[in-house]
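See below for the structure under consideration.
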Protein chains: 2
Amino acid sequence: MRLSRYFIPVLKETPSDAQIVSHRLMLRAGLIRQEAAGIYAWLPLGHRVLRKIEQIVREEQDRAGAAEMLMPTLQPADLWRESGRYDDYGQEMLRIVDRHKRDLLYGPTNEEMITEIFRSYCRSYKDVPKLLYHIQWKFRDEIRPRFGVMRGREFLMKDAYSFDLDEEAARKSYNRMFVAYLNTFARLGLKSVPMRADTGPIGGDLSHEFIILADTGESEVFCHADLLEMGAPGLDVNFDGDLQPLVDQRTALYAATEEMHDADRFVAEVPEHKRVSARGIEVGHIFNFGTKYSEPMNASVAHPDGKERPVHMGSYGVGVSRLMGGIIEASHDDNGIIWPESVAPYGVGIINMRPGDAACDAACETAYQALSKAGKEPLLDDTEDRAGAKFARMDLIGLPYQIVIGPRGLKEGKIELKVRRSGEKHDLSLDDAIDRLAEGKFANG
Amino acid sequence: MRLSRYFIPVLKETPSDAQIVSHRLMLRAGLIRQEAAGIYAWLPLGHRVLRKIEQIVREEQDRAGAAEMLMPTLQPADLWRESGRYDDYGQEMLRIVDRHKRDLLYGPTNEEMITEIFRSYCRSYKDVPKLLYHIQWKFRDEIRPRFGVMRGREFLMKDAYSFDLDEEAARKSYNRMFVAYLNTFARLGLKSVPMRADTGPIGGDLSHEFIILADTGESEVFCHADLLEMGAPGLDVNFDGDLQPLVDQRTALYAATEEMHDADRFVAEVPEHKRVSARGIEVGHIFNFGTKYSEPMNASVAHPDGKERPVHMGSYGVGVSRLMGGIIEASHDDNGIIWPESVAPYGVGIINMRPGDAACDAACETAYQALSKAGKEPLLDDTEDRAGAKFARMDLIGLPYQIVIGPRGLKEGKIELKVRRSGEKHDLSLDDAIDRLAEGKFANG
């Protein structure tokens, strides 16, 4: 992409109403624009990151054996009357009346609708297990939307739903998502810790939140330090195999959110030097809730013995748009965002220090073409802005690498390559820089 | 994908309330499920087609130089009060009140919001041209939703918006979208004809609808037969060059929708044997509306002479979800859907005639692995259903090719390959079939 044709409206001043760093940086770097309280437009750069996060979430759902579909944003109120949640949900649910005076709502979650879909087609033990997900916009009418996309009202969420014959099979679906989530967050450059959690309005008796640690986290969390050192299971996990040992390994040590915290147990189970208490951000939440919805909504299948019984269900959410805030909270410095390579909107920034200078233009064009061809998605700053503004903007938007091409360096056959995360700089020939970037030979740790 | 783990709930009976063939086939083939009047869930197979259509639309927008972003589904009513459309829009606009009694609406289109975004950041002639698009769910509260996704209430639309210094520059943006649309529809396997159209509630003086012909089309259209024979401009068009000749070539001959039709001109301009009057489906609509929104909403830029003037705008829509219905209307037979290869949910169906038979299972696995590796996205029917049901389902869901693997054929080293569109069948060795499919050596015309 050439910046002169693109649209990255960076702000010079820090927006005064943004309380946390990710919100400030998302506004300043031209990723989002607020359209109403807790409702954001995703500007081109922010949209690219959102799609990359979404795609990683999708790939790991697919790998775990879930099938993607898409439910609508609006739902008939009657579905929620069946489950009993229409009255329970309170003011967070956005209630809507259409022109024919029918009650609709903007879905805050989809347990009811997916149960309706399942029961319409699946009647036999042969029809389970089913593991279905969608990635769709949701709405929760937060009384006080804040922290930018971290607690917005219209937000993008991946929610999966499992339908199983019995509790044992349901546990296997739960484990699939548990493991998929660990891999998902690792690919996003995040260190996540699963913690026993309260089930809240979703219900059920088995539930884990996936928490990333950040000073600006919304709630206090407590865990064993060793959990922070455990790597993700890895993409070669066999999801059809027994996942229980992987799950057990990560649930044996103490880890709890504020609501579930038991100070006595924490002290008894965790040696003092291993006790971590910190602020955390919830990025995923999984629930096993048995027959809570299948019973009132009559989602039953005939078992091999001929008897019909309600299916056992679970639901599994990842906050896709919220993750962008979480990633920035975990990865930034005073100059701006530092994107992990997996979600960076562009892979390399090329700064043309003197557009119009034939040598600079030619070198930039060479770099742009070669890096495009190598799949590095370069962003070329070909604007007339002054050098300081170009450097500041490139740091602010946080692409992993920068190539600076100016007339003085070119005379000596050199360009400058900068690694955004470490700040380390290399004077290289253009060919060297291109080759090493194309081959992934710089550490962006 | 293995069918035994997937979710394609085909219906045996034809739904009685579906009036047109695309609606019937989408329900029968398990592509969609109605959740409320004009509101559909996209089941896994339908979701895959939707994403493929969306991706082709996206690629052609990008090629034409448009930058993708994403605006939210909900909009503040105040924006529409600024443009004057809040009261004009009538009951088709879904109006919503949030918990703090603020007026919101579910966006039916985005002229107001994108104008607000543009004016917030762009003030100078150096900031134009801008060509921005998003692909987002919209809502129009149709009084009588019908024809399935062809006239739903919640629908997926690509809408682009252009901002230019003056009328001449605006015309260039218009031409970019005009040409991009012809290529888009061609890639979707559709023959589209641009027709002068009424501008309706969007406004402006220059507008074209892109129409595909189908017996079940919603409105009557009239055009010169030669327009149906003109190919698309092709993907190697230089969008930075002069597109006017390409546009002129396609607008010189008579073509008009019902509202714009002039019977006298039709007779005068088109020789009798070239007069086509037919039913058409609108799949795209482009508008050049000058300063209709920029003036009331104060979206102005300083010109080189220092004076501020309102920018000239256009908007450009493609009905992404509606296109699925349009493609099926244009491509089906008595047995079901016939997907063009570009949007087929899977590229090849493999039917295992006897799951559990070692030779059949092994051959199917070989085909599945080899075709997956070749990027052909196979769907393997490994279910226990009887042969007739398998054949009928595979025809119904309309994948371009089918490989049938049974014990009798295998004994002679043969499998059957069927081309869905022509019905033509080939007895081949498995290796031959795989090689020829991988190399794209069967005509699916």
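Distances between equivalent label points of A:Leu235 across the copies, with each point positioned 7 Å along Cα→Cβ, amount to 2.5 nm, shortest listed first. Positive-end ranking of B:Leu70, B:Ile96, B:Leu50 along the dipole of segment B:1-155, with charges on Cβ about the Cα centre, is headed by B:Leu50.
Cα centroid separation, segment A:97-165 to segment B:179-202: 34 Å. The calculated P(r) of segment B:1-97, using every Cα pair and 5 Å bins from 0, goes 2, 9, 13, 14, 12, 15, 17, 10, 5, 2, 1 in percent.
Of the residues B:Tyr6, B:Ser342, B:Ile32, the one whose Cα sits farthest toward the positive end of the charge dipole of chain B, with +1 on the Cβ of Lys and Arg and -1 on the Cβ of Asp and Glu, is B:Tyr6.
Within the listed set B:His261, B:His47, B:His273, the residue fluctuating most in the Gaussian network model of chain B (springs between alpha-carbon atoms under 10 angstrom) is B:His273. Which one of A:Ala359, A:Ala214, A:Ala186 has the biggest mean-square fluctuation once chain A is modelled by GNM with Cα springs under 10 Å? Of A:Ala359, A:Ala214, A:Ala186, the Gaussian network model singles out A:Ala359 as fluctuating most.
Straight-line reach from B:Lys274: taking Cα to Cα under 14 Å and skipping same-chain neighbours fewer than 8 places apart, the aspartates and glutamates in range are B:Asp226, B:Glu229.
For chain B, modelled as a GNM whose springs connect Cα atoms under 10 angstrom apart, the maximal fluctuation among B:Gly280, B:Gly388, B:Gly319 occurs at B:Gly388. Distances between copies of A:Leu11, taken at a point 7 Å out from Cα along the Cα→Cβ vector and listed shortest first: 5.0 nm.
Exposed loop positions in chain A were taken to be trypsin sites (Lys or Arg not before Pro) whose DSSP state is not H, G, I, E or B and which have at most 10 other beta-carbon atoms within 10 angstrom. Between these positions, the longest stretch is A:102-306. Based on the alpha-carbon gyration tensor of chain B and its eigenvalue square roots a ≥ b ≥ c, which shape applies: rounded if a/c is under 1.5, prolate if not and a/b is larger than b/c, or oblate? The shape class here is prolate.
When A:Val404, B:Val57, B:Val419 are sorted by how many other C-beta atoms sit within 10 angstrom of their C-beta, beginning with the fewest, the order is B:Val419, A:Val404, B:Val57.
Taking the C-alpha atoms only, the angle from helix B:167-187 to the longest principal axis of chain B is near 10 degrees.
Computed over the alpha-carbon pairs of segment A:346-438, the distance histogram in 5 Å steps reads 3, 15, 29, 28, 20, 5, 0 percent, short to long.
Within the protein assembly as shown, DSSP assigns beta bridges of which about 85% are antiparallel (rounded to the nearest 5).
How far is helix A:44-63 tilted, in degrees, relative to the longest principal axis of the Cα atoms in chain A, given as a value from 0 to 90 rounded to the nearest 10? It is inclined by approximately 50 degrees. Sparsely packed loop sites in segment A:1-98 (the GluC sites (Glu not before Pro) outside DSSP H, G, I, E and B with at most 11 other Cβ atoms within 10 Å) comprise A:Glu13. Ignoring aspartates and glutamates fewer than eight residues from A:Lys172 along the same chain, the ones with Cα atoms less than 17 angstrom from its Cα are A:Glu60, A:Asp62, A:Asp127, A:Asp164, A:Asp205, A:Asp240, A:Asp242, A:Asp248. Could you tell me whether segment B:51-202 comes out rounded, prolate or oblate from its Cα gyration tensor? Rule is a ≥ b ≥ c as square roots of the eigenvalues, rounded for a/c under 1.5, then prolate if a/b exceeds b/c, otherwise oblate. Oblate.
Looking at this model, which pairs from A:Lys52/A:Lys373; A:Lys138/A:Lys418; A:Lys425/B:Lys130; B:Lys12/B:Lys376; B:Lys52/B:Lys191 are more than 30 angstrom apart at the alpha-carbon? Could the numbers behind the result be given before it?
Values: A:Lys52/A:Lys373 19 Å; A:Lys138/A:Lys418 39 Å; A:Lys425/B:Lys130 34 Å; B:Lys12/B:Lys376 28 Å; B:Lys52/B:Lys191 18 Å.
Beyond 30 Å: A:Lys138/A:Lys418; A:Lys425/B:Lys130.
Between the Cα long axis of helix B:387-397 and the first principal axis of chain B there is an angle of about 20°, rounded to the nearest 10.
Here the dipole of segment A:1-111 is about 800 debye; that uses its Cα centre as origin and unit charges on the Cβ of Lys and Arg (positive) and Asp and Glu (negative). Based on the alpha-carbon gyration tensor of segment A:150-217 and its eigenvalue square roots a ≥ b ≥ c, which shape applies: rounded if a/c is under 1.5, prolate if not and a/b is larger than b/c, or oblate? Prolate is the answer for segment A:150-217, as a/c is 1.5 or above and a/b outweighs b/c.
Quick note: the coordinates plus some simple rules give every number you see, no bench work behind them. What you are looking at is a predicted structure, and each value in this text was computed from that prediction instead of being measured. We place every Cβ from the backbone using ideal geometry, glycine too, and count neighbours over all the protein chains shown.
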